[in-house]
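Let me begin by presenting the structure, written as structure tokens, before commenting on it.
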Amino acid sequence: MRHTAFIAALLISSLFLTGCTGSAKIPYRQNVKNVIIIAIDTLRANHLGFMGYPRETSPFLDEFAARSIIFDNIYTPKALTLPSFASLFTGLHPKNTQIYKNMWPLSEDLHLLVEDFQAEGFITIFLSASGILHSRYRMDQGFDTYIDADPHPEEAWHIIEKIHEQTENILEPFFLVAHFWEPHSPYDPDPDVLDLFADPNYEGPMDGSVDVLNAYNLRQVELTGVDIQHAIDRYDGEIRWLDNQLKELFDYFDEKGFIDNSIIVITSDHGELLGENHLFQHRRDSNIELQIPLIMHFPGDLDPGLRVPALAEITDILPTIMDVLGIGIPAEIDGMSMFPLFSDPEFEFRTKLLSVGVDDPGYFLYSEFNGNHRVRVEPDFDDPEPVWLDEQDRERLRSLGYIH
């Protein structure tokens, strides 16, 4: 839905800063041929160097962030993969997509913003690393090519191979979304990378497996502080391993000229609990789980290292790109263009965000976040109708530790 007060403020701000609503976007639009979105599953924002983490988990991403615009306070409304991607692709909050859990299919009536890029002549491509984003859940609307993952989550190198296959000889403008599974549990990084973070003499029960993480969540096993630290070490190793893979991918992008002719976005679907509140993994509604990293890079390294502290959410990512490229933004969506923040990072963009978690055995919990405090709220809309899963869906969720 269009926010009238925001639109009025946006118009006034744009006229004041540029003299006309379109001229400020010209530098960001110049030389743009493609849009590339790197969506990293379960990437906790405060475990990245450019977000203040002291460990060297992300040297490549840190370097690329220094050439890009960094958004410090971006959140997803729901810390699960399918609901989060549904909000990214539609620009709608879960209360409007009605997607609150993994394996719930999108309504055929929903419009995906990807369709607007397709209508503008972009070849649209999605590469999934997990069956959670299978096309059977109708996430493929608007994509010319939608490649489902194998039954089990795919490692980064496999997704990178597919990126090469899809883009090696492409001539037309393309809109590419590549989903990477790491650092999602199980936390099982390459041993050489794990050695950068973990105590080589650790001999405790924490092996990073879904079984151990879930047993701790259910209080079936207790872990010491040393055990929890080893889980963090393994998670950090997953990030560093992926960072190494992304460096190789971006070397390829550089060779192909994509860094010089593409808007490149790096983000995540949600974060991860690492022992806080006696919990690992995600799906509740804490800030740790809901905050996501966001980097936007434009040809020519525009605004390198600019930090935007304003509160925003995942629904705003595609409207921002559409605004920059002059693609019409549907009036009825929840997402808004963040473009005014490029010239005024302190612009009051959003005052609060609505989030939703799940309280076992399945009750929905809602909260509002104003950038400083999160409070529980009672929504003025009904919970969605439950979706009954078949055995194939249940087995996918079971293999990933979401159900038992």
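The values are calculated or read from the model by the stated rules, or taken from the named source; none is laboratory data. Not measured: the values here are computed from a predicted model. Glycine also receives a Cβ, built like all others from the backbone with ideal geometry; neighbour counts cover every protein chain displayed.
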Next item on the list: Search the range 272-305 for residues being buried (at least 16 other Cβ atoms within 10 Å of the Cβ) and of a type in the set (D, E, K, R), and hand back the single one that is farthest from His184 (Cα to Cα).
Entry: Asp303
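Scan the range 114-151 for residues that are in a strand (DSSP E or B) and hydroxyl-bearing (Ser, Thr, Tyr) and jot them down. Talk me through it step by step, then tell me what you get.
First, pick out the residues of the range 114-151 that are in a strand (DSSP E or B): 123-127, 145-147.
Residues satisfying the conditions are Thr124, Thr145, Tyr146.
Those residues that are surrounded by fewer than 17 Cβ atoms within 10 Å (Cβ to Cβ) and of a type outside the set (D, E, K, R), I need them from the range 122-146; list them, please. Before the answer, list the steps.
If we filter the range 122-146 for residues that are surrounded by fewer than 17 Cβ atoms within 10 Å (Cβ to Cβ), which is where we start, we get 135-136, 138, 144-145.
The answer is Ser135, Thr145.
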Notebook entry, point to check: Taking the range 325-338, which residues are more than 12 Å from Ala310 (Cβ to Cβ) and either touching a strand residue (DSSP E or B) at 6+ places or on another chain (Cβ under 7 Å) or assigned to a loop (DSSP other than H, G, I, E, B) (or both)?
Noted result: Gly326, Ile327, Gly328, Ile329, Pro330, Ala331, Glu332, Ile333, Asp334, Gly335, Ser337
Next item on the list: Report yes if some residue within the range 91-113 is of a type in the set (A, V, I, L, M), within 28 Å of Ser185 (Cβ to Cβ), in contact with a helix residue (DSSP H, G or I) (Cβ under 6 Å, 6 or more places away or on another chain) and part of a helix (DSSP H, G or I); otherwise report no.
Entry: no
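From His184, His158, His152, grab the single residue that is surrounded by fewer than 18 Cβ atoms within 10 Å (Cβ to Cβ) and at pLDDT 95 or above.
Values: His184 fails: surrounded by fewer than 18 Cβ atoms within 10 Å (Cβ to Cβ); His152 fails: at pLDDT 95 or above.
It is His158.
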Note to self: Could you check the range 53-87 and list, in sequence order, the residues that are in a helix (DSSP H, G or I), closer than 27 Å to Glu348 by Cα and under 16 Å from the mean Cα position of the chain (by Cα)?
What the structure shows: Ala65, Pro83, Ser84, Phe85, Ala86, Ser87
Note to self: Test of understanding: among Pro304, Pro319, which residue is at pLDDT 95 or above, farther than 30 Å from Arg219 by Cα and part of a loop (DSSP other than H, G, I, E, B)?
What the structure shows: Pro304
Notebook entry, point to check: Checking Ser87 against (1) free of Cβ contacts under 8 Å to residues at least 24 places away in the same chain; (2) more than 23 Å from Ser343 (Cα to Cα), which single condition isn't satisfied?
Noted result: (1)
Next item on the list: Just give me the residues in the range 30-82 being in contact with a strand residue (DSSP E or B) (Cβ under 9 Å, 6 or more places away or on another chain) and of a type in the set (D, E, K, R), in sequence order.
Entry: Lys33, Asp41, Arg44, Arg67, Asp72, Lys78
Notebook entry, point to check: In this structure, does Asp243 turn out to be surrounded by fewer than 21 Cβ atoms within 10 Å (Cβ to Cβ) and in contact with a Pro (Cβ under 8 Å, 6 or more places away or on another chain)?
Noted result: no
Notebook entry, point to check: Right, Thr90: more than 30 Å from Phe197 (Cα to Cα) and either at pLDDT below 95 or exposed (fewer than 13 other Cβ atoms within 10 Å of the Cβ) (or both) or not?
Noted result: no
Next item on the list: Name the residue, out of Phe50, Phe64, Phe71, that is buried (at least 24 other Cβ atoms within 10 Å of the Cβ) and modelled with pLDDT of 95 or more.
Entry: Phe71
